[in-house]
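Written below as structure tokens is the structure these notes are about.
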Amino acid sequence: MDIVKILAIAGSATLLFLVLELIRRGRLKERYSLLWLFSSVVLLILSLSRSLLEFFSKLIGIYYPPSLLFLIAFIFLLLITLHFSAVISGLSDKNKRLAQEVALLRHSLDELSRRHGSAQDGP
Amino acid sequence: MNILVIIPAYNEEKSLPGVIRDLQDHVPQADILVVNDGSKDRTETVARDLGVMVLGLPFNLGIGGAMQTGYRYAEQKGYDSAIQFDGDGQHVASEIKALCEGLQQGSADIIVGSRFLRPGEYRPSFFRMLGIWIFSTVLSAILGMRVTDTTSGFRAANRRVIEFFARNYPEDYPEVESLVLLHRAGMNIGEVPVVMRDRTGGRSSITPIRSAYYMVKVLLAVFIDLLKK
């Protein structure tokens, strides 16, 4: 077994373990972990099976099979960051609407308590 | 006709008293609403002491988010028209009459106050002139009508536009983009000539260095708006 293979297996196994652990502790929502899970499993399978890795490398014309691992990891990272950008956009929109709602609610609360306060001045 | 004047304000404690006095003198029939966009100074207290309505955002949303808060208020309270008015003193309250008259004619849903319709009264620097020319050429082509002052934040909107803006209002540099959105929503845009002052206090959010970036970003946003469904 060559060093590249050992490193690749150790790397993708660690990634998979970390992702699973974060999900288990509730630090990572399932919704956001799917891409991570999928990418670490794919990387692990390809690291374990040299023949599968060589088959796919030949298929797309990559001479040095381990560099296919880099390619796949890179593509997954792109997808994950793109997904996060979309999620953040949605969150910032919700955040804005919440802030506006807070301002509007606080204003009507002030109005209400002022009216209520002046009516109760007697006692 | 009940009118709401919306003043988004970020760190405008110095200029706000003058702006509000100007409004109270010239448009006593209108309600005035200051939207405090998470200012770090005493903007909110100053506005309250002046006896106008104040909406306080819990943190800074930027001009688009603040303006939209005002439109949402106008929508909730059933105002017939809303005036966008800057808190820095560059807009002149006595010109609101011209905007409202334009709106009452009924041919446009939003009336933009333009600095450039009376030639020779406003002389910007060369680069500003170039930027203004590019914006107005691109926007005129998209809107199918001649618009001269695309970045003007001095505008009057009718009920239809109030309801539209309460739901859709662009965030970062909203004046130009919002015209495109309105046009795509089938609203009519009109312009009337107005006079504007130089700023009385505070700093413009647009520094010379940011101008080029601003132009590229706004044009990009406009083209993306055209692609959106």
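What fraction of the DSSP beta bridges in chain B is antiparallel, stated in percent and rounded to the nearest 5?
Values: 8 of 27 bridges.
About 30 percent, rounded to the nearest 5.
Mind grabbing the accessible area of B:THR69 for me, 1.4 Å probe, Å², rounded to tens?
0
Rank A:LEU98, A:LEU71, A:LEU82 by mean-square fluctuation in a GNM of chain A with C-alpha springs under 10 angstrom and give only the top-ranked residue.
A:LEU98
How many partner chain Cβ atoms sit within 10 Å of a residue's Cβ in peptide B:166-173, on average, as a whole number?
Numbers: counts 1, 0, 0, 1, 0, 3, 0, 0.
That works out to 1 on average.
Given the protein assembly as shown, what percent of its DSSP beta bridges are antiparallel, to the nearest 5? Write out the running numbers ahead of the final one.
On the way: 8 of 27 bridges.
Bridges in the protein assembly as shown are about 30 percent antiparallel.
Please say if chain B is rounded, prolate or oblate, where rounded means a/c under 1.5 for a ≥ b ≥ c the square roots of the C-alpha gyration tensor eigenvalues, and otherwise the choice is prolate for a/b larger than b/c and oblate otherwise? Present the calculation step by step, with values, prior to reporting the outcome.
Working: a/c = 1.37, a/b = 1.24, b/c = 1.10.
Rounded.
Return an integer: the convex hull volume of the alpha-carbon atoms of region B:68-173, in Å³ per residue. Mind dumping the intermediate values first?
Details: hull volume 13.7 nm³, N = 106.
Per-residue hull volume (Cα only) is 129 Å³.
Rounded to a whole number of µm²/s, how large is the Stokes-Einstein D of region B:77-136 at 20 °C and 1.002 mPa s, given Rh as the Kirkwood radius over C-alpha pairs?
Values: Rh = 13.8 Å.
Diffusion coefficient, whole number: 155 µm²/s.
Please average, across the residues of A:100-111, the number of beta carbons from any other chain that are within 10 Å of each residue's own beta carbon, and give a whole number.
The shielding value for this peptide is 5.
On a 1.4 Å probe surface of the protein chains, which of B:ARG118, B:ARG210 comes out largest in accessible area, and what is the full order? Before the final figure, lay out each step's value.
Details: B:ARG118 90, B:ARG210 130 Å².
So, going from the largest accessible area down, we get B:ARG210, B:ARG118.
For chains B and A, what's the summed buried accessible area, probe 1.4 Å, to the nearest 100 square angstrom?
Values: alone 11480 and 9550 Å², together 19680 Å².
So the total buried area for this chain pair works out to about 1400 Å².
Can you tell me what percent of all Cα-Cα pairs in region B:37-79 are more than 13 Å apart?
Values: 520 of 903 pairs.
Roughly 58 percent, once rounded to a whole number.
Can you pull the one-decimal nm distance between simple spin-label points at B:ARG128 and A:SER92, each 7 Å off the Cα toward Cβ?
Rounded to a tenth, the inter-label distance reads 2.9 nm.
Which order do you get for A:ILE80, A:ILE9, A:ILE75 if you rank them by accessible area with a 1.4 Å probe, largest at the top?
Values: A:ILE80 5, A:ILE9 35, A:ILE75 80 Å².
Descending accessible area places them as A:ILE75, A:ILE9, A:ILE80.
Where only protein heavy atoms count, and the probe is 1.4 Å, what is the accessible area per residue for chain B in Å²?
For chain B, the per-residue accessible area is 47 Å².
Among all the lysines, which ones have a C-alpha under 27 Å from A:LYS94's C-alpha, if same-chain residues fewer than 8 places away are not counted?
Of all the lysines, those that pass the test against A:LYS94 - Cα under 27 Å, at least 8 places apart if same chain - are A:LYS29, B:LYS40, B:LYS77, B:LYS217, B:LYS228, B:LYS229.
For every helix of n ≥ 4 consecutive DSSP H residues, a contribution of -39,500 (n - 2.57) applies; sum these over chain B, divide by its total residues, and give [θ] at 222 nm rounded to the nearest 500 deg cm²/dmol.
On the way: 8 runs with 99 residues, N = 229.
Estimated from H runs of four or more residues: -13500 deg cm²/dmol.
Pick out which of B:PRO193, B:PRO17, B:PRO28 has the largest mean-square fluctuation in a Gaussian network model of chain B, springs linking Cα atoms closer than 10 Å.
Top of the fluctuation ranking is B:PRO28.
Run the 1.4 Å probe and let me know the accessible area of A:ARG50, rounded to the nearest 10 Å².
80
Could you work out the relative contact order of chain B, using alpha carbon pairs under 8 angstrom and six or more residues apart, expressed as a whole percent? Write down the numbers at each step before the final one.
Numbers: 412 pairs, mean separation 56.8, N = 229.
Once normalised by length, the contact order is 25 percent.
Calculate the FRET efficiency for A:LEU112 and A:LEU48 from the Cβ-Cβ distance with a Förster distance of 41 Å, rounded to the nearest 0.05. Each step should come with its number before you reach the end.
Numbers: r = 66 Å, r/R0 = 1.60.
The pair A:LEU112/A:LEU48 has a calculated efficiency of 0.05.
Determine the shielding of peptide B:47-58 by partner chains: average, over its residues, the number of Cβ atoms on other chains within 10 angstrom of each Cβ.
Values: counts 0, 1, 0, 0, 0, 0, 3, 4, 6, 5, 7, 6.
Taking the mean over all residues of the peptide, I get 3.
Quick one: how many Å² of A:THR81 are accessible to a 1.4 Å probe, rounded to 10?
My reading of the accessible area for A:THR81 is about 80 Å².
Taking N as the number of residues in chain A, what is its alpha-carbon radius of gyration divided by 2.2 N^0.38 Å? Don't jump to the answer; show the numbers that get you there.
Numbers: Rg = 26.2 Å, N = 123, 2.2 N^0.38 = 13.7 Å.
For chain A, the normalised Cα radius of gyration is 1.91.
For region A:1-47, what is the Kirkwood estimate of the hydrodynamic radius, computed as the reciprocal of the mean inverse distance between distinct Cα atoms, to one decimal in Å? Provide the component values of the computation, followed by the final result.
Details: mean 1/r = 0.0912 Å⁻¹.
Taking the inverse mean of 1/r over all distinct Cα pairs, region A:1-47 comes out at 11.0 Å.
At 7 Å along the Cα-to-beta-carbon direction for both B:MET145 and B:PHE59, put a label point, then send me their distance in nm to one decimal.
Label at B:MET145, label at B:PHE59, 4.0 nm between them.
Looking at chain B as a GNM with Cα springs under 10 Å, which of B:ILE142, B:ILE209, B:ILE32 has the largest mean-square fluctuation?
Result: B:ILE209 has the largest fluctuation of those listed.
Semi-axes of the equivalent ellipsoid of the protein assembly as shown: what are they in whole Å, largest first, if each equals the square root of 5 times a C-alpha gyration tensor eigenvalue? List each step's numbers first, then the result.
Details: eigenvalues 533, 154, 60 Å².
Taking √(5λ) for each eigenvalue gives 52, 28, 17 Å, largest first.
The values are calculated or read from the model by the stated rules, or taken from the named source; none is laboratory data. Keep in mind that what you see is a predicted model, and the values were worked out from it rather than measured. Every residue, glycine among them, receives a Cβ derived from its backbone with ideal geometry; neighbour counts consider all protein chains shown. All accessible areas refer to the heavy atoms of the entire protein, side chains included, with ligands and DNA or RNA removed. Shrake-Rupley method; radii C 1.70, N 1.55, O 1.52, S 1.80 Å.
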